[in-house]
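Working notes, structure below.
The values are calculated or read from the model by the stated rules, or taken from the named source; none is laboratory data. Everything numeric in this text was worked out from a predicted model, so none of it was measured. Methodologically, a virtual Cβ is constructed for each residue, glycine included, from the backbone with ideal geometry; neighbour enumeration extends over all protein chains shown.
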Ligand code: ZN
């Protein structure tokens, strides 16, 4: 439910946007100033990434040039990138939210924050840095790559907090184990962002690095990482409802799902100046977490990301999410967390091949049969299981692509 403060924020934004070119076109025929209830609000059309792309380069900018201090751009894997302009206040607000994330994870100004996400057009690195500086911690602005140097700096500077994507954290954890330098590493916490990851991978990273892990959420279109964060309780992520209004919708009908059920996260910014967004479809699947968190924070929670709406694959008429594959691999003894799915269409039939890594001592055939059995039982699909050794599947410093659909 939208609270009064949020609704007031939205109404104020509508007044500001009434002369804005992007929104005039977007909401043609709709009087934003006539929006008087949550119901009215929910009748507004969604904003999608394609709207933002169509506004390239600076069509989203809602304030004069003199008020813009920076831009960021989302990694356009396909087609035109999206450019998001920020005002000074936007940059300040983002750092405030990020500081709140660090505090939620128990960081203090005595921490040394080792930042491996990239810098540049991409929002990641600089967001991690600004929040840590505001907290008063020591920033070690590494950026990605160069594993030797990462480990050297981690040892010599006694980094206490690692910020990374899950796949890069796993790569570093594996290197630290391989080089037998774990006793020279002083990490106590890992802050893992930007992609959905399985429980098994979480345990491996946590165990090999000897840290407690926290999830951080965000997207360039809405500031960047730092808009939601898990706490010590590890039960979903708190989000900052004084800056953002979250909805969870049925991706097909566009209607709100019943409270607590899984759907697509839709975000409206309450304070953003440079590029405010109304009902922006994230394509991330999650749910509201009911009840109060045991940590005592008043901020509401969403669940750890379950997947992306566009990750959902339909095989033989069944919807499959990567999270289900994570879950299965977690349950099967001897299998590891890394996997790749290949889907082909041969002789009129969909064929799903699941490559996954197995532990050194595991028996290949037994684990393969187990995985096959679990897939049939849990998702109702017969897969071709292919076990490979640990380290054979690619690790990446960017978002991993684990599903290859060769049917189209
Ligand atoms: Zn909590």
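Descriptive notes on the structure:
- Being under 25 Å from residue 325 (Cα atoms) and either within 16 Å of the ligand (Cβ to nearest atom) or modelled with pLDDT of 95 or more (or both) is a property that residue 267 lacks.
- For the range 293-312, a residue qualifies if it is within 13 Å of the ligand (Cβ to nearest atom) and not in a strand (DSSP E or B), and the qualifying residues are 293, 294, 295, 296, 297, 298, 299, 300, 303, 304.
- Out of 342, 328, 262, 320, sole residue that is farther than 27 Å from residue 103 by Cβ, touching a residue at least 24 places away in the same chain (Cβ under 8 Å) and more than 23 Å from the chain's Cα centre (by Cα): 342
- Out of 234, 261, sole residue that is within 14 Å of the ligand (Cβ to nearest atom) and surrounded by fewer than 20 Cβ atoms within 10 Å (Cβ to Cβ): 234
- Tabulated pairs, the range 285-296, first closer than 8 Å to residue 260 by Cβ, second part of a loop (DSSP other than H, G, I, E, B) and within 9 Å of the ligand (Cβ to nearest atom), C-beta under 9 angstrom, 6+ apart or interchain: 287/236; 288/236; 289/235; 289/236
- Residue 253 closer than 28 Å to residue 26 by Cα and crowded, with 19+ Cβ neighbours inside 10 Å: no
- Looking at the range 83-179, the helices (runs of 4 or more DSSP H) lying wholly inside it that each contain 2 or more residues that are within 16 Å of the ligand (Cβ to nearest atom) sit at 88-104.
- All of (1) under 22 Å from the mean Cα position of the chain (by Cα); (2) more than 16 Å from the ligand (Cβ to nearest atom) hold for residue 290 with one exception: (2).
- Residue 105 vs. criteria on the phi < 0 side of the Ramachandran plot and surrounded by fewer than 19 Cβ atoms within 10 Å (Cβ to Cβ): no
- Residue check for residue 285: touching a helix residue (DSSP H, G or I) at 6+ places or on another chain (Cβ under 9 Å) and within 16 Å of the ligand (Cβ to nearest atom): no
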